[in-house]
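Notes follow once the structure below has been shown.
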Amino acid sequence: MTITETTQTAGRKRARANGAIMGVLRFLVVIVTTYFGLLAVTFFIGRVIPVDPVLAILGDRAPAHVVERTRELLGFNKPLYVQFFIYVKDALSGNFGTSVLTTNPVMVDIRRVFPATLELATVGTIIGSLVGVPLGVLAAVKRGSIADQIVRVVGLIGYSVPIFWLALLSLLLFYAKLRWVAYPGRIDIVNEYSFTPTTGLYLIDTLWQRQWSVFWDVFQHIILPASLLGYFSLAYISRMTRSFMLNELGQEYIVAARAKGLSETRIIWGHALRNAAVPLVTVIALSYAGLLEGSVLTETVFAWPGLGLYITNSLQNADMNAVLGGTIVIGSVFIAINILSDLLYRTLDPRTRAR
Amino acid sequence: MSQTLQDPPRALSRREWLMSDRPQSRLQARLGRAYMTWRRFSANRLAVAGLCIIVLLVLLAIFADVLAPHSPVIGDLGGARLLPPGTEGYLLGTDDQGRDILSRLLHGSRLTLLVIILVAIIAAPIGLLVGAISGYAGGWVDAVLMRITDIFLAFPKLVLALAFVAAMGPGIENAILAIAITSWPPYARIARAETLSVRNSDYIAAVRLMGASPLRVVLRHVMPMCVSSLIVRVTLDMAGIILTAAGLGFLGLGAQPPLPEWGAMIASGRRFILDQWWVATMPGVAILIVSLGFNLLGDGLRDALDPRESGQ
């Protein structure tokens with residue numbers, strides 16, 4: 001190897017390293033600005049839109065000196081940019097103020113209710129993917145058939161149905177009429193204190209502590225709301241799976257695999273779906289984020305003690321700190337999932353790896 | 001013989017005139033294009049069904065006063081509370097205040113239309129303007145505008161709308177504003193992509209050479225190019241807008257009683273779901289049909305206006 005060649009490779013290596021660093025930097029800038037924007041928007045909602053946030057807390061019959069004191073106590077007498085600075089500083093350290101309704105710090109409340117939402121959305125996504133992906137594959141393989149049409153209509157209805165209405169009707173059918181599932185709520189009151197909620201995910205906690213009957217109870221409570229959320233995400237997942245699979249099935253490597261004499265099952269599930277799986281990961285991640293949002297309405301109907309119910313309860317009591325804290329948390333999870341799915345996509349797809 | 005060949009056929013059928021690949025006038029070209037689009041669109045039976053649903057919705061909303069058998073707001077508290085569907089004079093039954101559900105649904109269609117039309121005329125122009133400016137200007141303007149767009153895209157739509165309504169106070173006007181604020185970013189993205197694809201084309205260069213100001217180029221020559229894909233996207237979004245509005249209404253943050261908003265109607269029927277199922281069920285069916293209609297229409301429009309994608 002001559003010297004020039006060596007220097008050339010070294011230069012190329014350095015350029016590649018620089019590129020990677022620039023990529024990471026750009027990534028960080030995106031995260032920081034997005035999070036900053038999130039805080040700016042919630043600050044705008046909480047402090048700028050209301051005519052007087054103090055009056056919103058105290059009501060308009062509070063005596064003047066109380067109003068003044070509260071204003072000073074909350075720092076609302078300072079100029080807006082100072083308030084915003086303090087707001088950002090507090091939010092970064094996880095301090096979203098105190099909830100007027102529960103009198104706890106908002107962050108404590110959110111930590112208590114968040115696992116419930118997480119559990120619900122996770123089970124929902126699992127159901128949605130387990131049903132949605134095979135349906136999408138089926139629709140793509142039997143394109144134009146009755147099966148394809150049925151999958152399409154099922155998906156379209158999933159896009160079009162008001163989820164809270166479907167939740168009410170399914171409660172009527174599966175709980176009130178058929179008695180297949182448990183009543184709204186997360187767990188039977190009898191079982192509430194029969195295990196220690198270590199993770200806050202009751203399914204895992206009860207399974208871990210071998211509380212079979214409690215596990216069954218929790219399962220009966222979660223299955224209906226999770227299935228509804230699953231149906232909600234199934235609509236999106238099956239549609240995207242179909243389109244990815246159609247794309248893959250038209251590729252030349254499928255023809256090559258057929259020519260080689262591979263079985264159709266192997267071609268579809270082993271070759272085509274494996275390639276379609278990479279973009280599918282992003283789709284599933286995005287639908288997961290969507291379920292966190294969809295849970296706001298579902299939780300209200302199912303009295304599910306999660307973040308969604310917390311936000312709507314706070315809304316009805318004009319508890320702005322709690323509403324905005326919940327919004328920031330859901331927004332942060334959104335950002336995190338977006339970033340994670342992006343990273344996953346890059347690691348899974350060999351074409352996007354640095355050559 | 002030669003004479004018959006030279007003579008153009010006098011009685012050109014209307015269809016041939018429309019399908020002509022050598023249009024004589026701009027009008028003919030435009031009508032021809034519209035005709036082709038319509039043929040692609042109407043070949044899709046589901047899309048036509050969607051269009052029918054929407055047309056029906058508009059007609060029902062216009063003639064709600066004539067069609068509704070009872071008042072949507074004042075009920076017969078004494079004699080007609082919670083009557084089941086099919087009762088004499090009350091086709092879909094009555095609610096807890098003795099109001100005819102059919103009449104409320106008919107009047108509620110006006111609110112639904114109001115919401116989607118207002119959201120569309122607030123959000124679409126904002127998105128169009130932001131996207132076109134961003135794509136045409138490029139550079140730091142593009143970077144800043146797109147970051148702002150991304151920030152709004154990073155928000156979960158319903159939760160952001162909830163927070164806005166919480167700050168501004170419940171009510172249908174505020175719900176509309178909140179939904180509009182949360183729905184413009186995808187339009188900006190689309191408009192930007194379309195702008196990027198036309199900004200370097202010859203006709204833009206020609207307009208610029210003729211001395212048009214950047215504002216004129218964007219408003220008169222770039223933005224019209226984005227409109228067709230934007231219409232498709234807005235139509236596809238309408239179902240989502242209806243669902244968000246209904247969700248806000250269900251949570252008591254949208255239209256306030258006694259307005260017959262469909263989501264709020266479901267919420268008020270929630271208490272009777274076990275014994276008087278129809279009170280909550282009927283408005284849900286209405287929402288489902290209308291948003292299904294918009295989804296079908298949007299799908300059909302996308303396939304008709306963008307033949308590249310319809311192969312899939």
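Here, each number is a calculation from the coordinates, and none is a lab measurement. Given the structure is predicted, the values throughout are model-derived calculations rather than measurements. Virtual Cβ from ideal backbone geometry, glycine too; neighbours counted across all protein chains shown.
Dimensions of the range B:137-214 from C-alpha coordinates, computed as largest minus smallest value along each principal axis and given longest first, are 51, 23, 17 Å.
Its Cα gyration tensor gives the range A:17-92 an equivalent ellipsoid; the semi-axes, largest first and in whole Å, are 38, 11, 7.
Summing charges over all other residues whose Cβ lies under 12 Å from the Cβ of A:N321, with Lys and Arg as +1 and Asp and Glu as -1, gives -2. In summary, the lysines within cross-link reach of A:K260, defined as a Cα separation below 28 angstrom excluding same-chain residues under 8 places away, comprise A:K142. Could you tell me whether chain B comes out rounded, prolate or oblate from its Cα gyration tensor? Rule is a ≥ b ≥ c as square roots of the eigenvalues, rounded for a/c under 1.5, then prolate if a/b exceeds b/c, otherwise oblate. Oblate, because a/c is 1.5 or more while a/b does not exceed b/c. With both labels modelled 7 Å from their Cα along Cα-to-Cβ, the A:L92 to A:N317 distance reads 3.2 nm. Between A:L58 and B:D96, the FRET efficiency estimated from the beta carbon spacing at R0 = 22 angstrom works out to 0.05.
Sorted from longest to shortest, the spans of the Cα atoms of the protein assembly as shown along the three principal axes equal 95, 88, 64 Å.
In a reduced charge model with +1 at each Lys and Arg Cβ and -1 at each Asp and Glu Cβ, the protein assembly as shown shows a dipole moment near 2400 debye about its Cα centre. Spacing of the modelled spin labels on A:V66 and A:L173, each 7 Å from Cα toward Cβ, amounts to 5.1 nm. Each Cα pair of the range B:16-83 feeds into the Kirkwood radius, which the Stokes-Einstein equation turns, at 10 °C and 1.306 mPa s, into a diffusion coefficient of 98 µm²/s. In the range A:17-92, taking the dipole from charged Cβ atoms about the Cα centre, the farthest positive-side position among A:L28, A:V67, A:I57 is held by A:L28. Each listed q (0.08 Å⁻¹) maps to a log10 I(q)/I(0) for the range B:16-162, found by the Debye formula over equal Cα scatterers with no solvent: -0.50. Under the classification rounded if a/c is under 1.5, otherwise prolate if a/b is larger than b/c and oblate if not, where does the range A:83-240 fall, given a ≥ b ≥ c as square roots of the Cα gyration tensor eigenvalues? Since a/c reaches 1.5 but b/c is at least a/b, the shape of the range A:83-240 is classed as oblate. Of all lysines in the structure, the ones whose alpha carbon falls short of 29 Å from that of A:K78, not counting any fewer than 8 places away in one chain, are A:K89. Between A:A256 and A:N77, the simple spin-label model (points 7 angstrom out along Cα→Cβ) gives 7.6 nm.
Considering only B:L209, B:V279, B:L196, and ranking their Cα positions along the charge dipole of the range B:158-312 that arises from unit charges at the beta-carbon of Lys, Arg, Asp and Glu, the one farthest toward the positive end is B:L209. Placing a label point 7 Å from the Cα of A:W180 along the Cα-to-Cβ direction, the residues of the range A:135-162 with a backbone N closer than 18 Å are A:154, A:158.
Ranking of A:Y202, A:Y87, A:Y253 by neighbouring Cβ atoms within 10 Å, starting from the fewest: A:Y253, A:Y87, A:Y202. The shape of chain A comes out oblate: with a ≥ b ≥ c from the C-alpha gyration tensor, a/c is at least 1.5 while a/b does not beat b/c. Note on B:I121, B:I231, B:I176: ascending count of other Cβ atoms within 10 Å places them as B:I121, B:I231, B:I176, the fewest first. Neighbour counts of other Cβ atoms within 10 Å put B:T94, B:T112, B:T149 in the fewest-to-most order B:T149, B:T112, B:T94. As an exercise, use a Förster radius of 60 Å and the Cβ-Cβ distance of B:L305 and B:R81 to find the FRET efficiency, rounded to the nearest 0.05. The computed FRET efficiency comes out at 0.75. For B:I117 and B:M36, the difference between the fully extended length at 0.36 nm per residue and the C-alpha to C-alpha distance is 26.5 nm.
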